[in-house]
Amino acid sequence: MKRIISLFLAFVLMISVFLPMNAYAIGDGNVDGGGGGMGDGTNTDFWNTGDEGVRVTVIRANDHAVVTTPVDLTNRTPAGTIWHFGKVCKISYNRGQTLTPRTGNYSYVNPSQALPKIISTSGGNGNIAAIKSYFTDEQVIRSIANLTGMNFNVLINGQYKLLLEPIAYMTFGGVKYAMTATEAALFDQQLGGGLRSKMVSLSHKNLPLAMFLETPDLGYPAWGGSTTRAASDTDIISSLGLGIVRFSEAEPPTISTTNYEYRVNTEVITSVTVRGGQSDPNNPVTVRFTIGGQTYTVGGVYYPDGDSQLAWVRWTTPSTPQTMTIRVSVNGGGSASEGTITAKITDLSGHDPPDPVADDRNDSYAASPVPNNTQKTSASWGVWCPSWHANWVWISTGEDSGYWEDTGWWDFNWTSYSASLTASMSITPDAKDPTASGKVLKSGYGINQTTTARVSTGQSSAVTDAQTAVTYFPEFGYQSFWRLLEQTRSGYNAEFEFASNKYSTYKRRTHFTPIWMPDGSYTPYTYLEDCWTPAGMLSMNLTDSVTIRGSLWSDWHITPVKP
């Protein structure tokens, strides 16, 4: 799945969310930390080791907009009367959100897997490796997506980042508080340094130094100051008490192609698979096929991150055999990819059996096995359909001012399509055969063939009818000579028959069995093909039989000429 590129934390205050620590890792962490001793507290101003948590907020990468309401994770069960400042993230405070203390209704989540130690009190954090391993785990990110109400595939598509802030649960002036490092600094400013004077080791050293950036991101600088001494309110507000999880940029769209073999004068489908990043109405992908000097454009090729979509074009092959190079290009998300398809165009006509004559012989004839070519009677594919998932968030610009912003995302629904091919083949003695009975005839007489092909689909624009039927005969070992059947009825209920035989006295649609054919079953074989779908060609193997009993010589009577 998508891959966390960097985890810009120091002494990372991490969540152990809902899943075991041995889940599959999908990213790399860049973690460092600082802090030190706690000093001495009083009975009204103190903090206990482990009274900590993390605030997680989803941020849109391009404009740093707050996309979700922050979620606080902790191993503790804070008192119902605890004072706090609501669910406000560092970015919102830096954009002018006023710090507003309140009591009661503090919401939090206790993850089933305990958080590792977050706030150091001993000049270092031995849990850095464990925190890094945990927070770069795919299942952890899935849990965070669930907690924040964010679709996982949307969250990791490269357009969003996670903002992490350490939280401390402390007692100050005999009152219990929950606050992030940024809130502690803002609160200290409101109190004129009152918090720093009582809780400096926590509020201005170990809490803000629990997280800082090693690389600038989201408008915040990398921290280059001391990692062992208390920081100022200004430094905390501008640079400390935050970590950022960044996901890889959306992959550029790419195409996967396969080569094709088509027949002349045939309506076909040529398709490619497009994948890479996410394609939606805001960032659409377009595919262009250049075939025989003409360009076909397929727009609105949508798919979610981590998935793919077939894109196809329906066209008619030329009337002469040739090898064509089809050029395909895909554009979207500022990226492009190209590919080529080789299409071999063949002509199956011109291989009719030779003129049968009365003295034909084949004393060495031995029956050949009936062919069994590749057969595919059904295919399925689908189309991704995006729909907007609105997510209105209040963007505060002051204590009593702000605006609503839709920070939603695209959801995708999969519409499935399919096609199936059924067919039958019937061989009967020609109606001009004077001695045939049912399906029994004498060698040397002709047979007629009728092949029917029925196509069923829910997307007719993407499926052709079955257009080609070729019949092979046992006397030629099912090779060398064959008859390309004529489509006498087109459409999804197509019908095929032998073309008119130029060697037939009456120009009938017939095939003459060889006069030397031994008694027994006579089984022509038909390969039905060229029913094209986005997922490939449908085809069928068909057979039917008549019985040879005797030869037409037995129907001839020679009378001597009277002198």
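Condition test on Gly292, is it in contact with a helix residue (DSSP H, G or I) (Cβ under 6 Å, 6 or more places away or on another chain) and either open to solvent by 30 Å² or more (accessible area, probe 1.4 Å) or of a type in the set (A, V, I, L, M, F, W, C) (or both)? Taking the combined requirement at face value, the residue does not satisfy it. Looking only at region 488-503, count how many residues are surrounded by 18 or more Cβ atoms within 10 Å (Cβ to Cβ) and out of contact with any Lys or Arg (no Cβ under 7 Å at 6 or more places or on another chain). Qualifying residue count for the region: 2. For Thr171, the conditions (1) among the β-branched types (Val, Ile, Thr); (2) open to solvent by less than 20 Å² (accessible area, probe 1.4 Å); (3) under 19 Å from Val245 (Cβ atoms) are fulfilled apart from (3). Answer yes or no: is there a residue in region 467-481 that is aliphatic (A, V, I, L, M), open to solvent by less than 60 Å² (accessible area, probe 1.4 Å) and either at positive phi or at pLDDT 95 or above (or both). Within region 467-481, one or more residues are aliphatic (A, V, I, L, M), open to solvent by less than 60 Å² (accessible area, probe 1.4 Å) and either at positive phi or at pLDDT 95 or above (or both). For region 405-413, check the following and say yes or no: at least one residue is assigned to a strand (DSSP E or B), under 42 Å from the mean Cα position of the chain (by Cα), without any contact (Cβ under 8 Å) to a residue 40 or more places away in the chain and surrounded by 12 or more Cβ atoms within 10 Å (Cβ to Cβ). For region 405-413, residues assigned to a strand (DSSP E or B), under 42 Å from the mean Cα position of the chain (by Cα), without any contact (Cβ under 8 Å) to a residue 40 or more places away in the chain and surrounded by 12 or more Cβ atoms within 10 Å (Cβ to Cβ): absent.
Thr488 falls short on exactly one of the conditions (1) closer than 20 Å to Leu441 by Cβ; (2) assigned to a strand (DSSP E or B), and that condition is (1). May I ask you to verify whether Thr422 is part of a strand (DSSP E or B) and open to solvent by 50 Å² or more (accessible area, probe 1.4 Å)? So Thr422 fits the description; yes. Looking at Ala210, Ala178, Ala184, can you tell me which residue is under 30 Å from Lys117 (Cα atoms), modelled with pLDDT under 95, in contact with a Phe, Trp or Tyr (Cβ under 9 Å, 6 or more places away or on another chain) and not β-branched (Val, Ile, Thr)? Step by step, each of Ala210, Ala178, Ala184 is checked, and only Ala210 is under 30 Å from Lys117 (Cα atoms), modelled with pLDDT under 95, in contact with a Phe, Trp or Tyr (Cβ under 9 Å, 6 or more places away or on another chain) and not β-branched (Val, Ile, Thr). Cβ separations smaller than 6 Å between residues 6+ apart or across chains give the following pairs from region 349-361 residues that are within 13 Å of Thr513 (Cβ to Cβ) to residues that are open to solvent by 60 Å² or more (accessible area, probe 1.4 Å): Pro353/Phe481. Residues that are in a helix (DSSP H, G or I), among the hydroxyl-bearing types (Ser, Thr, Tyr) and open to solvent by less than 10 Å² (accessible area, probe 1.4 Å) within region 174-228 comprise Thr182, Ser203, listed in sequence order.
Reported count of residues in region 62-109, each being outside any loop (DSSP other than H, G, I, E, B) and more than 27 Å from Gly174 (Cβ to Cβ), is 7. When the test is whether a residue is of a type in the set (Ser, Thr, Tyr) and either at pLDDT 90 or above or more than 25 Å from Pro116 (Cα to Cα) (or both), Thr270 passes it.
Checking the structure you have, find out if any residue of region 391-401 is hydroxyl-bearing (Ser, Thr, Tyr), assigned to a strand (DSSP E or B) and closer than 30 Å to Ser271 by Cα.
Within region 391-401, the subset hydroxyl-bearing (Ser, Thr, Tyr) is 396-397, 401.
Okay, now just the ones that are also assigned to a strand (DSSP E or B), so 396-397, 401.
Right, trim to closer than 30 Å to Ser271 by Cα and you get none.
No, there is no match, as no residue in region 391-401 is hydroxyl-bearing (Ser, Thr, Tyr), assigned to a strand (DSSP E or B) and closer than 30 Å to Ser271 by Cα.
Residue by residue, here is whether (1) within 18 Å of the chain's Cα centre (by Cα); (2) open to solvent by 10 Å² or more (accessible area, probe 1.4 Å); (3) among the small types (Gly, Ala, Ser) holds:
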| site | (1), (2), (3) |
| --- | --- |
| Leu240 | no, no, no |
| Thr266 | no, no, no |
| Gly277 | yes, no, yes |
| Pro281 | yes, yes, no |
| Gly299 | yes, yes, yes |
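Summed over region 504-552, residues that are buried (at least 18 other Cβ atoms within 10 Å of the Cβ), over 30 Å from Arg314 (Cα atoms) and among the hydrophobic types (A, V, I, L, M, F, W, C) total 6.
The values are calculated or read from the model by the stated rules, or taken from the named source; none is laboratory data. These figures come from a predicted structure and were not determined experimentally. Note that we place each Cβ from the backbone using ideal geometry, even for glycine, and neighbour counts take in every protein chain shown. Calculation scope for accessible area: heavy atoms of the full protein, side chains included, ligands and nucleic acids excluded. Shrake-Rupley method; radii C 1.70, N 1.55, O 1.52, S 1.80 Å.
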